[in-house]
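Asker: What follows is a single structure, and I will ask about it in a moment.
The values are calculated or read from the model by the stated rules, or taken from the named source; none is laboratory data. Since the structure is predicted, the reported quantities are computational estimates derived from the model, not experimental observations. All Cβ positions, glycine included, derive from the backbone under ideal geometry; neighbour counts span all protein chains shown.
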Amino acid sequence: MTERYQRIQIMEKEYPLNLLCRVFEVSRSGYHAWRTRLPSARQRANERLLAAIRQLHQGPERCYGSPRLTPELKALGHTCSENRVARLMQRHGLRAQRPKRFVPRTTDSDHDQPIALNRLAEQAAPTGPNQVWVSDLTYVLTAQGWLYLALVMDLWSRKIVGWAMTDHRRSELVLAALEMAVTHRRPTKGLIVHSDRGVQYASADTRQFLAAHGLVSSMSRAGNPYDNAWMESAIGKIKNEVLGDSLPADRALAQQQLFVGIECWYNQRRRHSALGYQSPVAFETQFMNN
């Protein structure tokens, strides 16, 4: 009965009360008695939970549905189940923001540089850090023009371990991201670095860098961007959840937003279903402590 009263309360501003009571088969007196009754402890808890959900949906957590929101709310001190969060969201019209449809792009590999084998085709899934990295570059439109972003991600933990941004897409951009990754992670020889067939990854400078650090190059098959779907997915999440539909005023602002989005949001806080709804940093920390 309480649920019927709550639905009437939500719709009362748009429809006559007599009609609502007739449709939901309740009496006006019963509804008024419910309205004047003090809220129960459960109702007060639901109100606090709903307020927390609304607050989270003001930030990048707007992309979260109930499975990801539930551990986030628990971390904030709320006692709740996934079903309870889902019911509250449905009742109050709260939905996870839909990401833009993923449309894979085929890299322009029209160059004469050597192409590495796709070493991930028969590679077992990584069981720890620094076994397989995936890399890619993307474009971010600003009011000042294009900003180019290169990313390196540890496939095991989904952590962005290297990144670089600039106003061009030459090989130096890719090398800067790889340099950051190698400096911070100090991988052992034999680590696989997978990318598309773009000239930036096939260039002599990039091949020399990988060889100097004992890293093994791997590249997607021709015309098959799904071979690097993990990186494509990460790029889509970062751009949609950090930048949304906004157009940064200039490259400097976009760089600042992306820096915060990568380091403070994606690595530190974003919950990944593949990691048991932990963030990459939490997942790696748990692994190191075991």
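Asker: Only one of these conditions is not met by residue 218: (1) within 23 Å of residue 273 (Cβ to Cβ); (2) touching a residue at least 40 places away in the same chain (Cβ under 8 Å); (3) not acidic (Asp, Glu). Which number is it?
Answerer: Here residue 218 meets the rest and fails (1).
Asker: Tally time: how many residues in the stretch 15-56 are surrounded by 15 or more Cβ atoms within 10 Å (Cβ to Cβ) and free of Cβ contacts under 8 Å to residues at least 40 places away in the same chain? So that I can check it myself, show each step before the final result.
Answerer: Step one: list which residues in the stretch 15-56 are surrounded by 15 or more Cβ atoms within 10 Å (Cβ to Cβ), which gives 20-21, 24, 26, 31, 34, 45-46, 49-50, 52-53, 56.
Pick out the ones that are also free of Cβ contacts under 8 Å to residues at least 40 places away in the same chain and you get 20-21, 24, 26, 31, 34, 45, 49, 52, 56.
Final tally of qualifying residues: 10.
Asker: A further question on this structure: If I filter the stretch 136-149 down to residues being touching a strand residue (DSSP E or B) at 6+ places or on another chain (Cβ under 9 Å) and either closer than 15 Å to residue 126 by Cα or in contact (Cβ under 8 Å) with a residue 40 or more places away in the chain (or both), which single residue comes out as surrounded by the most Cβ atoms within 10 Å (Cβ to Cβ)? Even if it seems obvious, please write down each step before you answer.
Answerer: Here is the first cut: in the stretch 136-149, the ones touching a strand residue (DSSP E or B) at 6+ places or on another chain (Cβ under 9 Å) are 136-141, 146-149.
Next cut, either closer than 15 Å to residue 126 by Cα or in contact (Cβ under 8 Å) with a residue 40 or more places away in the chain (or both) only: 136-138, 140-141, 147, 149.
On the way: 136: 26, 137: 23, 138: 18, 140: 21, 141: 12, 147: 22, 149: 23.
Looking at residues that are touching a strand residue (DSSP E or B) at 6+ places or on another chain (Cβ under 9 Å) and either closer than 15 Å to residue 126 by Cα or in contact (Cβ under 8 Å) with a residue 40 or more places away in the chain (or both), I get 136.
Asker: Still on this structure, please answer the following. Could you please find all residues in the stretch 60-81 being surrounded by 15 or more Cβ atoms within 10 Å (Cβ to Cβ) and not in a helix (DSSP H, G or I)?
Answerer: 64, 65, 78, 80
Asker: Scan the stretch 252-280 residue by residue and report those that are free of Cβ contacts under 8 Å to residues at least 40 places away in the same chain, of a type in the set (A, V, I, L, M, F, W, C) and touching a helix residue (DSSP H, G or I) at 6+ places or on another chain (Cβ under 8 Å).
Answerer: Of everything in the stretch 252-280, just one residue is free of Cβ contacts under 8 Å to residues at least 40 places away in the same chain, of a type in the set (A, V, I, L, M, F, W, C) and touching a helix residue (DSSP H, G or I) at 6+ places or on another chain (Cβ under 8 Å), namely 260.
Asker: What pairs can you find where one residue is in the stretch 224-247 and of a type in the set (Lys, Arg) and at pLDDT below 90, the other is crowded, with 20+ Cβ neighbours inside 10 Å and part of a helix (DSSP H, G or I), and their Cβ atoms are less than 8 Å apart, with a gap of 6+ or different chains?
Answerer: 237/266
Asker: Something else: In the set 207, 185, which member is in contact with an Asp or Glu (Cβ under 9 Å, 6 or more places away or on another chain) and of a type in the set (D, E, K, R)? First the steps, then the outcome.
Answerer: Values: 207 fails: in contact with an Asp or Glu (Cβ under 9 Å, 6 or more places away or on another chain).
Only one candidate qualifies: 185.
Asker: Across the stretch 98-132, what is the number of residues that are modelled with pLDDT of 85 or more and either assigned to a loop (DSSP other than H, G, I, E, B) or surrounded by fewer than 13 Cβ atoms within 10 Å (Cβ to Cβ) (or both)? I'd like the intermediate steps shown before the answer.
Answerer: Of all residues in the stretch 98-132, those modelled with pLDDT of 85 or more come to 115-120, 124-132.
Then keep just the ones that are either assigned to a loop (DSSP other than H, G, I, E, B) or surrounded by fewer than 13 Cβ atoms within 10 Å (Cβ to Cβ) (or both); that gives 115-120, 124-131.
Residues meeting the conditions: 14.
Asker: Considering (1) assigned to a helix (DSSP H, G or I); (2) closer than 30 Å to residue 271 by Cβ, say which one residue 200 fails and leave the rest.
Answerer: (2)
Residues checked against (1) farther than 21 Å from residue 125 by Cα; (2) assigned to a loop (DSSP other than H, G, I, E, B); (3) of a type in the set (Ser, Thr, Tyr); (4) touching a Lys or Arg at 6+ places or on another chain (Cβ under 9 Å):
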{"site": "161", "(1), (2), (3), (4)": "no, no, no, yes"}
{"site": "164", "(1), (2), (3), (4)": "yes, no, no, no"}
{"site": "178", "(1), (2), (3), (4)": "yes, no, no, no"}
{"site": "184", "(1), (2), (3), (4)": "yes, no, no, no"}
{"site": "187", "(1), (2), (3), (4)": "no, yes, no, no"}
{"site": "190", "(1), (2), (3), (4)": "no, yes, no, no"}
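Asker: Residue 136 fails exactly one of the following numbered conditions: (1) part of a helix (DSSP H, G or I); (2) under 28 Å from residue 256 (Cβ atoms). What is the number of that condition?
Answerer: (1)
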